[in-house]
Amino acid sequence: MLSLYTDARARFALAAVLTVMQASSALAHGWAGERFFPATILTDDPFVADEISLPQVSLQPPAPDASQLTNIEIDLLGALRTMGQYQLFIDGPHQALGLLGLNVTWGHTGRAAVGAPNFTTLSPTFDFGKGFGDIPRSLTFLRPFAITGNLGFDFPTQATTAGVPNPNNFSYGFAFEYSFPYLECCVKDVGLRAPFNQLIPPVEVAFTTPISRAPANQTIGTIQPGIIWAGSYFQIGAEAIIPANRLTGHGYGGVVQLHFYLDDLFPRSIGKPVSEWW
């Protein structure tokens, strides 16, 4: 599956999915076999999807200079970003996914949108996911575990801005999840009822390390334990934000997100494969 979409945060939001095969339930939003992978807050998803956060509110941990920021983010504001994604594989029996992507954050040439840089950045990525549902059935309560991960690079097209270097970065992150929906449906019914039978607690970690045009030992990152409630058309998530080192900050923060699955809400328009448009 190939996905091309634009996150035009100051102008428009548009998503199109191009498929070279007939759409099926196996390619539904976030599914690999019996396993549902939620949209994680900190790290990227290993599946092609059309989605939007309205809104995401975060209180960042205090920075080294003791400043602290509160962010209210909506996926229609900010820098213009385009993303091309190719679904390498979805292995249902083994609950595995792989995704290649190329993200472009476009620099402004005139009046800047809020948060828009004045240079373009190219970011090739590889995302993956793996559920543990195929391990031996005797390991009953380990089977609901899953892991997703991201590997990527950032290549700015401008080496410096106002004399300040724009480094090339290596970014990597992982999300460790425990799926109560999978426990109830596919492992063992332990009697959980709504809303607890739709909870997926994740622990996310993400780091960025400069690989050029920056001093050594400049890695920053956060650890974010939390909880996600996943419904059919949207999810609600909350995570603590814990700096992984002193360079990232000190103290604690938090983030809350309301996230909508556009391809499930609008399967005949935004989420419709291009192969079915004619």
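Each reported figure results from applying straightforward, stated rules to the coordinates on display, with no laboratory input. Everything numeric here is computed off the predicted structure, so don't read it as measured data. A quick note on method: Cβ atoms are made from the backbone with ideal geometry, for glycine too, and the neighbour counts reach across all protein chains shown.
Take residue 108 and residue 68, extend 7 Å from each Cα along the Cα→Cβ direction, and tell me the distance between the two endpoints in nm.
It is 2.9 nm.
Under Stokes-Einstein, with the Kirkwood radius over Cα pairs standing in for Rh, what whole-number D in µm²/s applies to the stretch 64-194 at 37 °C and 0.692 mPa s?
For these conditions, the coefficient is 179 µm²/s.
Amide H neighbours of residue 92 under 5 Å, counting only residues 5+ apart in sequence or on other chains, H built in-plane at 1.01 Å?
33
Two decimals is fine: what is log10 I(q)/I(0) at q = 0.09 Å⁻¹ for the stretch 14-276, from a Debye sum with one equal scatterer on every Cα and no solvent?
The Debye formula, applied to the Cα set alone, gives -0.45.
Given a cut-off of 19 Å, what percent of all Cα-Cα pairs of the stretch 183-254 lie beyond it?
Result: 54 percent of Cα pairs exceed 19 Å.
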